[in-house]
1. Restricting to segment 99-121, name every residue that is outside any helix (DSSP H, G or I) and open to solvent by less than 70 Å² (accessible area, probe 1.4 Å).
2. Quick test for you: out of TRP21, TRP90, pick the one residue that is open to solvent by 50 Å² or more (accessible area, probe 1.4 Å) and out of contact with any strand residue (DSSP E or B) (no Cβ under 8 Å at 6 or more places or on another chain).
3. With (1) in contact (Cβ under 8 Å) with a residue 12 or more places away in the chain; (2) under 27 Å from LEU115 (Cβ atoms); (3) open to solvent by less than 60 Å² (accessible area, probe 1.4 Å) as the list, and ALA10 as the residue in question, which single condition is left unmet?
4. Which fully enclosed helices (runs of 4 or more DSSP H) of segment 16-88 have 2 or more residues being over 14 Å from the mean Cα position of the chain (by Cα) and among the charged types (D, E, K, R)?
Amino acid sequence: RHAAAIDFDAFKVPALFLEAWLAELRDDRETAADTYRSALELARRAGFADHAAFALARLGANAFASGDVRRADELERRALAAAEEARSPWVAAHARVELGRVLAAVGELDAAERLYRQVLAWGEMPRPREARESLFAALADDPAAAAAAALSELAQTARTSASGRASTRRSP
């Protein structure tokens, strides 16, 4: 609201991100999605391609949390393409993690693992920290840490599946 009062888009987009993030914390998915859509539209109008990509990624995460896997997949792929086009490696890494979660949920474990490993490799590379990353980092998990946790979950899933198959074969 305060950013709107001075009518300066550079402040409005981050303010909308904060509003959407707070809605997510309250588990108010509808408000979060509406606010991310507003941020996406404003970011596009203002020419903030990295912010638009981040809004797409958060819309995808929101769709996934709401159970709309197809929409989440579409949005995360768009977010990844937009982040790469905007040359925003942090947002691209974030979108890869979110897309990996979607792929893992539909059983595409190898594809999810590849995405997570790409993010881990990105996280290990020395790189300058972009000032605009600070906002994204404040609102979303560190992509490399999220990828590491997701890989651990995939490994646990694989162990559980292998254990289940082995016990099924031994059963009379």
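1. Here is the first cut: in segment 99-121, the residues outside any helix (DSSP H, G or I) are 106-108.
Result: GLY107, single match.
2. Values: TRP90 fails: open to solvent by 50 Å² or more (accessible area, probe 1.4 Å).
Exactly one residue qualifies, and that residue is TRP21.
3. With (1) in contact (Cβ under 8 Å) with a residue 12 or more places away in the chain; (2) under 27 Å from LEU115 (Cβ atoms); (3) open to solvent by less than 60 Å² (accessible area, probe 1.4 Å) applied to ALA10, the lone miss is (2).
4. Values: elements: 29-46, 49-65, 69-85.
Here the list reads 29-46, 69-85.
The values are calculated or read from the model by the stated rules, or taken from the named source; none is laboratory data. Here the structure is a predicted model, which is why all the values come from computation and not from measurement. Don't worry about glycine lacking a Cβ; one is built from the backbone with ideal geometry, like all the others, and counts go over all protein chains shown. The accessibility values were calculated without ligands, DNA or RNA, using every heavy atom of the protein model including side chains. Shrake-Rupley method; radii C 1.70, N 1.55, O 1.52, S 1.80 Å.
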